[in-house]
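Single-structure report; data block below.
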Amino acid sequence: MKKPLGSTLIVLGLLAGPVAADGNGHSKAIDYRNSVMTLLKWNMGPMGAMLKGKIPYDKDTFAKHASDLAAAAHLDLLSGFPDGSDEGEDTSARTDIWMDWDGFEEKYAALKKASADLAGAAGSGNLDAIKPKFGAVGKSCKSCHDAFKD
């Protein structure tokens, strides 16, 4: 039995609706990478505040944030940057990411290493060991933002 062409077009239109509403199809990738960045900031903030004396230093809380930061840094953030996802209102990613993908990957690898090193040092509670590791994480974040974020 033949199905009417009109029904087929309606079904195809319904299936294409979410893609059309998304524009270029990248809003979920942008949401994902923004979410990972939020996790990173969520954990960096309290640790930085502790090290600056803005809030009391608590070894266990600091270690938890360092561990969570390292876990977030090891998420597959790079999959949140498909080609063309530098366009849109909800992104501050520069086109330079895709023009220098190897450099972007290197900077992300540096964040992974620095955050793992910080998590390792945080378990000791020794601020003399923690502070340079925290600084290295901050430098890796800044390095990437300076090169690839508007």
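Points 7 angstrom from Cα along the Cβ direction at residue 76 and residue 106: gap in nanometres?
Placing both labels 7 Å beyond Cα along the Cβ direction yields 2.5 nm.
Run the quick spin-label model on residue 68 and residue 34: label points 7 Å from Cα toward the beta carbon, then report their separation in nm to one decimal.
About 2.1 nm, to one decimal.
Students often forget the sequence filter, so: which lysines lie under 17 Å Cα-Cα from residue 133 once same-chain residues fewer than 8 apart are removed?
41, 52, 59, 64, 107, 112, 113, 142
Report the calculated FRET efficiency for residue 60 and residue 94 (r = Cβ-Cβ distance, R0 = 41 Å), to the nearest 0.05.
On the way: r = 38 Å, r/R0 = 0.93.
For R0 = 41 Å, the calculated efficiency reads 0.60.
Among 42, 98, which comes first, second and so on when ranked by fewest other beta-carbon atoms within 10 Å?
Working: 42 13, 98 16.
Final ranking by Cβ density, sparse to dense: 42, 98.
Order 70-76, 53-59 from most to least packed using the mean count of other Cβ atoms within 10 Å. The partial results should precede the final answer.
Details: 70-76: 17.1, 53-59: 11.7.
In decreasing order of mean packing, 70-76, 53-59 become 70-76, 53-59.
Based on the Cβ-Cβ distance from residue 113 to residue 147, what FRET efficiency comes out when R0 is 22 Å, to the nearest 0.05?
Working: r = 17 Å, r/R0 = 0.79.
The pair residue 113/residue 147 has a calculated efficiency of 0.80.
Laboratory data are not the source of any read-out in this text; all were calculated from the coordinates shown. This one's a predicted model, so the numbers in the text were calculated from it and none came from an experiment. Cβ coordinates were reconstructed from backbone atoms using ideal geometry, including for glycine residues, and neighbour counts include every protein chain displayed.
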